[in-house]
Amino acid sequence: MDSSSLPYTVAILLIEISVGGVAVLSFFAWRGQITSGYVKASCITITPLACLAFLTFRIISGHGNVDSYLLDLNWKQPTNFTLSIFFVISLFYVLAALLDKYRWVYYLGLLLTFSGFFCLVSMAMLIAPPTWSVFGAVASLIIGALVCGSSLMSMMWGHWYLTSGQLPKEPMVQMSVLVICVLILQALLVCCGALITPRIEPIDQSSIIIDLSQNPAFWLRITVGLIFPLILSVLAWRTARIRGMMSATGLLYLVLGTVLAGEVLARGLLFTTARIV
């Protein structure tokens, strides 16, 4: 991965995990299955991530490409604008949580999820020109956000069982199922990205062109970023069903780590090959 693509990789990862995190949190808060302490801790976690995403994107230069990867700079200002809104709302979001105004936390969470969706779409449009389709770029970021967000929120929720044995097992089971489902969706999208030729392939004259099937980073993305977390999330789901919450939480720690590693590899491959994997 070229160093010029690193800020975009970091920005995309931070946007995905913060938007996905608030979407998953809002869904389970709406179902009334999680505690107020968990909501507060999650809000305190999500807001710094939103802040870092906003600041990272602000420092990105306005050049028309990342090394040899062509960007659509018409979407740079809309992305900056949507990220600014997302960041500002996240400040009110964490403030409402700290003041125990959980009705406002719920409504602000929905608003934050809605604004986060537009952050993902505008960022996808910014990086979409070389990829096989705009739909593929948008789907990649949305599914990536759900994968990162569900992994983070389920791992955090597991800690609440370590302090109270009275909590029902259903939220943990359902969060694990959500992680499994979005990982399967991501695997299907990766198959499409690997098989469909991009519209514009980045050509770096200073590097040797390697076919995707011969690229070690691609196989690391498949094994470490997809197969391994999918197996671990299935094990976490089976463990949660028998109330082995300590083991399930440990497994979800590994899921989160491998998912984040997979996302970094995926974005590195995107900027070097224009493949949505």
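Are any residues in the range 233-264 within 18 Å of the chain's Cα centre (by Cα) and buried (at least 21 other Cβ atoms within 10 Å of the Cβ), and if so, which ones?
Start the filter on the range 233-264 by keeping residues that are within 18 Å of the chain's Cα centre (by Cα), which leaves 233, 252-264.
Of everything in the range 233-264, those that are within 18 Å of the chain's Cα centre (by Cα) and buried (at least 21 other Cβ atoms within 10 Å of the Cβ) turn out to be Ser233, Leu252, Val255, Leu256, Thr258, Val259, Gly262, Glu263.
Could you check the range 98-112 and list, in sequence order, the residues that are on the phi < 0 side of the Ramachandran plot and surrounded by fewer than 21 Cβ atoms within 10 Å (Cβ to Cβ)? Give the steps one after another, and end with the answer.
Narrowing the range 98-112 to residues on the phi < 0 side of the Ramachandran plot: 98-99, 101-112.
Answer for the range 98-112, where residues must be on the phi < 0 side of the Ramachandran plot and surrounded by fewer than 21 Cβ atoms within 10 Å (Cβ to Cβ): Leu98, Leu99, Lys101, Tyr102, Arg103, Trp104, Tyr106, Tyr107, Leu110, Leu111.
Do we find that Ser90 is under 17 Å from Leu52 (Cβ atoms), assigned to a helix (DSSP H, G or I), touching a residue at least 60 places away in the same chain (Cβ under 8 Å) and among the hydroxyl-bearing types (Ser, Thr, Tyr) in this structure? Spell out how you get there, then give the answer.
Values: under 17 Å from Leu52 (Cβ atoms): yes; assigned to a helix (DSSP H, G or I): yes; touching a residue at least 60 places away in the same chain (Cβ under 8 Å): yes; among the hydroxyl-bearing types (Ser, Thr, Tyr): yes.
In short, yes.
Would you tally the residues in the range 236-277 being under 15 Å from Ile127 (Cα atoms), in a loop (DSSP other than H, G, I, E, B) and not hydrophobic (A, V, I, L, M, F, W, C)?
Total satisfying the criteria: 1.
Do we find that Ser5 is modelled with pLDDT under 90, in a helix (DSSP H, G or I) and more than 30 Å from Asp100 (Cβ to Cβ) in this structure? Before you say what the answer is, go through the steps one by one.
Values: modelled with pLDDT under 90: yes; in a helix (DSSP H, G or I): yes; more than 30 Å from Asp100 (Cβ to Cβ): yes.
Spelling it out, Ser5 is indeed modelled with pLDDT under 90, in a helix (DSSP H, G or I) and more than 30 Å from Asp100 (Cβ to Cβ).
Within the range 10-41, track down each residue that is of a type in the set (S, T, N, Q), assigned to a helix (DSSP H, G or I) and at pLDDT below 90.
Residues of the range 10-41 of a type in the set (S, T, N, Q): 18, 26, 33, 35-36.
Those left that are additionally assigned to a helix (DSSP H, G or I): 18, 26, 36.
Hit for the range 10-41 is Ser36, nothing else.
Can you name the residue in the range 192-213 that is of a type in the set (Asp, Glu) and surrounded by 11 or more Cβ atoms within 10 Å (Cβ to Cβ) and is also modelled with the highest pLDDT among such residues? Please lay out each step first, then the result.
We begin by selecting, within the range 192-213, every residue of a type in the set (Asp, Glu); these are 201, 204, 211.
Narrowing further to those that are surrounded by 11 or more Cβ atoms within 10 Å (Cβ to Cβ): 201, 204.
Working: Glu201: 74, Asp204: 58.
Restricting to residues being of a type in the set (Asp, Glu) and surrounded by 11 or more Cβ atoms within 10 Å (Cβ to Cβ), the top hit is Glu201.
Just checking, which of Ser154, Ser133, Ser150 is closer than 26 Å to Gly37 by Cα and more than 12 Å from the chain's Cα centre (by Cα)?
Values: Ser133 fails: closer than 26 Å to Gly37 by Cα; Ser150 fails: more than 12 Å from the chain's Cα centre (by Cα).
Testing whether each residue is closer than 26 Å to Gly37 by Cα and more than 12 Å from the chain's Cα centre (by Cα) leaves just Ser154.
The values are calculated or read from the model by the stated rules, or taken from the named source; none is laboratory data. For clarity, every value in this text was computed on a predicted model and none was experimentally measured. Cβ sites come from the backbone with ideal geometry, for glycine too, and all protein chains shown count toward neighbours.
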